[in-house]
Amino acid sequence: MEAETYADKRSQLAQKMDRWIKALVDVANLKGNDIKGRLETEFIEEIVKDIHHKLHVHLRRVGPQLIGMQNHINFVTSWLKDGSSHTADILTISGMGGIGKTYLAKHVYGLYSHEFHKSSCIEDISRVCDGKFNGLLDLQKQLCNDISKTSSIKVHDALVYTSKIENIVARKRVFLTLDDINTLDQLDALLGSKGFHPGSKIIITTKERRLIERCALFKTDIKPKHTELLLQGLHETESWKLLCLHAFKCKYPKTGYEGVFYKLVKYCQGHPLALVVLGKFLYDRDVTYWEGCIEGLKKETDSHVNNVLRMSFNSLQSKNDKDLFKYIACFFVEIDRDVAETILQACNINIRSGIPNLLDRFLLTIGGKNKLKMHQLVQEMGRFEVHQESHDKPLKRSLLWCHEESFRVLKQKKGKGNLVGLALDMRMLEKEMLGASYKLKTDALSMMDNLMLLQLNYVHMNGSYENFPLELRALERLIVRNCTGLLEVCESIEQCVELSLIDLSYCKELKNLPRSIGMLKKAMVGVEEKVLRSLGWSNLLHNKRNGGNNPRKSRMQMLYEFGIFSTTYDTEEMPSWFIHRSAGPSISFTIPSSSPNNLLKGINFCFLQTRRVLYERPLILLDHFPVTPMITVSNITKNRMWIYERLWDRYFVDPKCWVVLSHWMFGMNEMEPGDHVTITVTARRNELTKECGVSLVYEDDGEKKDEEEGVLGYYKSWNHIIGGDLSPFQTTTGQFILRNQQFVTCGIVLFPYHRKFVPDGPDIQV
C-alpha cells in the first residue's frame, strides 16, 4: 500500500515536472524585444506603452496642456464618482475651440475608464463625419468594437449600428467619451434613444452647449441626468505657467523678458492653444525677436488665436515646410503617417526635416495608430492659407479639397491652372445633389500638367487616358477594393511601369487579370492585417507596429504570385519565430503528422542574405546565376518540384544584409504528413545565403477555417497558382518553373542555373 502511494506520488511529481518544463519552453520561445544600446528608461517606457495599448488602457499622466485645469479635473472626477443617480449621467463640456475640452475629457477617461465594464473614447467626431462619406458609420463601428465583442460581419446601415449600440449599453455599465459633437444626427446615431444601464457615464465635448438636451435620448420616459461644464480661458497665473513651460522650459521668465512676456500673456487672453503655439514659436529667441512678434500681432485684424497660429506658420523657414503643412491640412489629417510620407515624397516634398519642424511648432502631432493629427483650428488655418491663393478662382489654387469646388473645376474644363493636388468624392456631393449622379470626362485632367496628387472616390470618368497629366502616369498604387462592378482590368495596365501596389480585394466579379500584368516591374497586391495573420505572420505585424527591423526605412512591400506571398526587408538576423533553421542555402525536413482538425495549409520559408566580394571577370559566369533569387521546393516523397524565381524589390536599395520571407499555400495534394521536403536557395551572382529556416502553418479548427477561407479566398481564386492550373509553367520532365516573365513569353527557357534541378530536356520548351 505504501509502495503504491509512493509510486502515485512519483507519477504526480513527474507530471508536474513535465508541465513546468513545457511552460518554461513556451516562455523561452516567446519573442522578446532587444534593447539595442538604448537607455533602459526608454526601453521600459516602450514596453509600458505597448502593454497599455494592448489592454486598451490609457497611460495615467498629466500633460502640460492640463496646466490650470486641476479644478475642472476635480469637478469631473467628483461627477464620475457620484453613484447616487439611478439613471445614466451625461456631462457636457463646452467652450470655444482650443480651450481644452478634448484634453480634459481624454485625461479623465484615461484615469477612470478601467473602472467600468466597457469603455470607449471616440475622438474628432465632427471632423470625421465632415471629411468622409461613411465617417459616422466608421465611428459607430469603432464604438461597437470597443464595448462588445468584435464581429466580422460588415454593416453598411447606420440604423443597424444604432440598434446594436442601444442593445449593448442597455445591458452594461459603460463609460463613453464623445469628442466634438456638433449635430443631432451624430448624437442620435451614437447614443440611440432607448436609454443606458444605470450607473453609466457619458462625457460629451461640444461647442454647441444647448444641443444635447434636444437629442432622442432626452425624449424617453426616463431621461438621463445632465450636468454642464463651461470651460473659459486660463487665469493670468496659469497662463504664465503654460507660456513659461513652452517658451523657457522652466517655471519663470528669463531675466530681461518680463515686459514682453507680460504683453504676450495678456494678448492670448488665457487661451491654452494660443499660449502653447506661441511658446513653442518663441522658444530660444532673444528679446528683440519677442518685441517684433508683439508688433506683428498688433497689425493683424483677425482673432487673437488665428493671429498666433498664422504667425507660427509664417515662421516656417522654407517653402517646402509651408507646402508640407498645406498638403497635410488639406489631404492627410487622420491618415497613416507611413502612407502619407510615401505619397508626399512622390510629390517632391522633403518630409525628413519638414515633419519634425511642424511637430516642433505644434502645427502637427502624431496620434494613435501612427496617424497624422492637427487641432481643428490649425487645420482650418492651413486651408485658409491655400484659399488665400485665389479667393474666387479655385483653379488658380495649388490644392483643392472641397468636393464641390473640385467637381466644378473638372466639369468646366477651363484650362491648366496651378493645381498640384485635387480630391473628389462624389458621395459627399450626392448628399447635396439628392442622389443625382454626374459623369466626368478624362480630358478634364488633360491640361493640368502640374497635377501630382489625385484622389477620386466613386467618380465615373469616361474617355481616353492618352493625354493624362505626365505626373499622374507614374502611377504607383492602384487601389480598387470592394469594387463589385469591376469585370476586367484593361491590357493597357502594362504602361504603368512604376506600379508598385495593386489592391483588388473583394472585387467579386473580377474573373481574370490581363496577361500583360507580367510586364510590370512589380505585381504587388496590398493586403490587410487579417491576411498577414492567416499566413502565420503575426510576429511580422507586431514588429511593423513597434518599429522592429525598421520597416519604414526598408520600404517593406508585399508580392503575390503563383500562390506565394513574399516580402523583403533589411536586417542582420533571421526572424526569431523561425525555430527550425539551417546554416547555408538549403534545409531539409519531414512533415510531421497532424490531426483532422489541425491540417497543414502552408509553409513559411525564410532566408538571410548578404553581399559577397567577387573576383571573377564580370561576364564569364553571367548565365550561371539567376537574375533574381530562386527558391526550389522539392517534395522528394511525391517527386514534385516547384522552382520559383521571385521578382526583386524596386525600392530595395543596397542593404548590407536582408531577409526574404515567403508563404507557400500548399494543400494536402502537394504536401502531407510523412513527406520529405528539401528547400534550396540559388542566390544571385553577387549574393551569399547565410541561413534559412522553415515553419509550418496549420488550420486550427472549423470556425477559423471558414474565416480563413474568407480572408484568403480572393488569392486562392487566381488561376495560375500552386494547386491550380500551372500547366503553362511545367517542363517536359515534370518540374514547375514559376517565373513571372513567362506570362509574356512563349514557352519555357532553361538556363545553366536550372540544370542542377532540371538535368534533362531541351533548353527551350514550347
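The values are calculated or read from the model by the stated rules, or taken from the named source; none is laboratory data. In this text, all values refer to a predicted model and were calculated from it rather than measured experimentally. All Cβ positions, even for glycine, are placed from backbone atoms using ideal geometry, and neighbour counts span all protein chains on display. The protein model used for the area step is the full one, side chains on, heavy atoms only, and it has no ligands, DNA or RNA in it. Shrake-Rupley method; radii C 1.70, N 1.55, O 1.52, S 1.80 Å.
For this structure, a couple of remarks:
- Range of Cα positions in the range 100-151 per principal axis (Å), largest first: 34, 33, 7
- Net lengthening on full extension, MET96/PHE751 (0.36 nm per residue, minus Cα-Cα): 228.6 nm
- Taking label positions 7 Å along the Cα-Cβ direction at both LYS441 and ARG533, the computed distance is 4.9 nm, reported to one decimal.
- Of the three principal axes defined by the Cα atoms of the range 313-359, the extents in descending order read 27, 19, 16 Å.
- Net lengthening on full extension, LYS249/LYS263 (0.36 nm per residue, minus Cα-Cα): 3.1 nm
- Here the peptides 214-225, 269-280, 601-612, 135-146 are ranked by packing, the mean other Cβ count within 10 Å, and the order with the highest first is 269-280, 601-612, 135-146, 214-225.
- Spherically averaged projected area of the convex hull of Cα atoms, the range 252-330: 5.8 nm².
- Spin-label pair ASN418-CYS657: with each label point 7 Å from Cα along the Cα-Cβ axis, the two points sit 5.2 nm from one another.
- The range 244-284 - accessible surface per residue (Å², probe 1.4 Å): 47 Å²
- ARG209 paired with THR288, simple spin-label distance in nm, labels 7 Å along Cα-to-beta-carbon: 4.7 nm
- Contour excess over end-to-end distance, with Cα ends at ASP360 and ASP18 and 0.36 nm allotted per residue: 117.5 nm
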